[in-house]
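Worksheet: one structure, shown below.
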Amino acid sequence: MRRVGKTAFAAALLLSWSASAEETSLTVPIIVPITGLLALEGTSQLNGANLAIAHAPPGLKIKTTTIDSGTAAEGGANALERVVGDKNVDFAVAPLFGTQVLAMLPVALENKMPILAPTGTGPVTEQGNPYMFRLYPHDAVSKAAHIRYVVEELKLKKAAILYNTTGYGQSGFKYMSEYLSKVGGEVVFSEGVELSAKEISATLAKLKAAKPDVVLIQMHSASIAMVIKQLAAAGIQIPVVGNTTIAMPATAALLQPSDLKGVCAESASWLEKGGSAATDRFLNDYVSKFGAMPDAYAIQQYDGLMMAFTAVKGGAKSPEDVRNYMATSEYQGVAMSYKSDGKGNLAHSAVIVCYDGSSLTPKLVKRYDNVAGF
């Protein structure tokens, strides 16, 4: 099947195939943010995609190229505009940056093009688009785990919330605020921080004056590293529970172990050796290939792409075949079991990890499975 798009849209990985009796050929342009303020997250996504390609089922012949979507809202759309007219492009996985994903949804629907994205930003699966599939837990899921841990395990309810002013930051703020209210907590201070901000001493002074008993954060990697460092420098010794970016090895590497003492994070997944043969293979090959442990973006991207490869290997020959598989099938990945909830949300589990101040590697402290929000 060959398809020509009428409009450009953002994407992170595109697939098309031509089948023969012996093999299926796939073209895989990978469009991810690998420069700019989302470079750490985007590089992890790229690594996960590349490892999935290396682990693709026998019989799939894959050609790939990488296109940088940057961080501008139109970055992914501009990149895809250069490839969407290619007669071999029939399938797409979008960037982790929710702002770019939202821009691509109308065109995905118009062209009946299945898209996969490891993004938590809430609205991307709330537009009634049957071609959108989310590989990462919806913020409604991850923030439920986030707040349950704070309230049930830490016994804290008086929160300050810091978040980026991006769609991702605002989505997390929305759900954390709502969920905290439902369990009798309160937000005593909140403030949005621009992605480009480098210094927030005035914000931290106001936060300290509000006397919260916990600091909740929803930010991209560069921002959350900056906030954690400045909290430590200001001597603000309040428990911090952040989003998945502070659990990323690449983000932790920007800090000292002492900066991270008392910091926890929710994340989509956390893998340790010994869980299964598939987990050990993934971890061993990832570390060997990229020289670092994987984070949730790499893991979820890997699982999502392997699910798509399974659809093609199983006989999917068109975008509609892939859409049907993604919408109706259950797939066991290395991180979790994936199945659509009818809206394209495939991931329904989350974990909490915490740093003890002596290492840049956090420890798994709590796992939440089959989360449906509050």
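The values are calculated or read from the model by the stated rules, or taken from the named source; none is laboratory data. Note that the structure is a prediction, hence the values are computed from the model and not measured. Cβ: placed from backbone, ideal geometry, glycine included. Neighbour counts: every protein chain shown. Heavy atoms of the whole protein, side chains included, go into the accessibility calculation; ligands, DNA and RNA do not. Shrake-Rupley method; radii C 1.70, N 1.55, O 1.52, S 1.80 Å.
Figures for the structure shown
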{"read-out": "Extension gain (nm, one decimal) between K261 and D369, 0.36 nm per residue minus Cα-Cα", "value": "36.2 nm"}
{"read-out": "Estimated inter-spin distance, D341 and A209, nm [label 7 Å along Cα→Cβ]", "value": "3.9 nm"}
{"read-out": "About the Cα centre, charge dipole magnitude for the chain (Lys/Arg +1, Asp/Glu -1 at Cβ), debye", "value": "200 debye"}
{"read-out": "Whole-number accessible area per residue in Å² for the chain, which is evaluated in the context of all protein chains at 1.4 Å", "value": "38 Å²"}
{"read-out": "For the chain: span of alpha carbons on each principal axis (Å, largest first)", "value": "67, 43, 34"}
{"read-out": "Unit charges at the beta carbon, dipole of segment 252-374: most positive-side option, A350, S329, W270", "value": "S329"}
{"read-out": "For segment 37-85, diffusion coefficient by Stokes-Einstein and Kirkwood Rh (Cα), 10 °C, 1.306 mPa s, µm²/s", "value": "127 µm²/s"}
{"read-out": "Extension gain, S276 back to E74 (0.36 nm per residue minus Cα-Cα distance, nm)", "value": "68.7 nm"}
{"read-out": "Most mobile listed residue (S269, S288, S340) in the chain, GNM with C-alpha springs under 10 Å", "value": "S288"}
{"read-out": "Ranked packing of 173-181, 139-147, 343-351, most packed first, by mean Cβ within 10 Å", "value": "139-147, 343-351, 173-181"}
{"read-out": "Estimated [θ] at 222 nm from DSSP helical runs (n ≥ 4, -39500 (n - 2.57)) normalised by residues in the chain, nearest 500", "value": "-11000 deg cm²/dmol"}
{"read-out": "Proximal lysines to K211, defined as alpha-carbon separation beneath 25 angstrom and excluding residues fewer than eight positions away on the same chain", "value": "K143, K155, K157, K158, K174, K182, K198, K229, K261"}
{"read-out": "Computed over segment 163-317, Cα set: Rg, Dmax in Å", "value": "18.4, 61"}
{"read-out": "Relative contact order (%) - segment 240-354, alpha-carbon pairs under 8 angstrom, separation at least six", "value": "29 percent"}
{"read-out": "Carbon and sulfur %, accessible surface of the chain computed with the full protein complex present, 1.4 Å", "value": "51 percent"}
{"read-out": "Residue-span extension gain [S359 to I238] - 0.36 nm each, minus C-alpha spacing", "value": "41.7 nm"}
{"read-out": "Distance between segment 131-208 and segment 286-332 - C-alpha centres, whole angstrom", "value": "29 Å"}
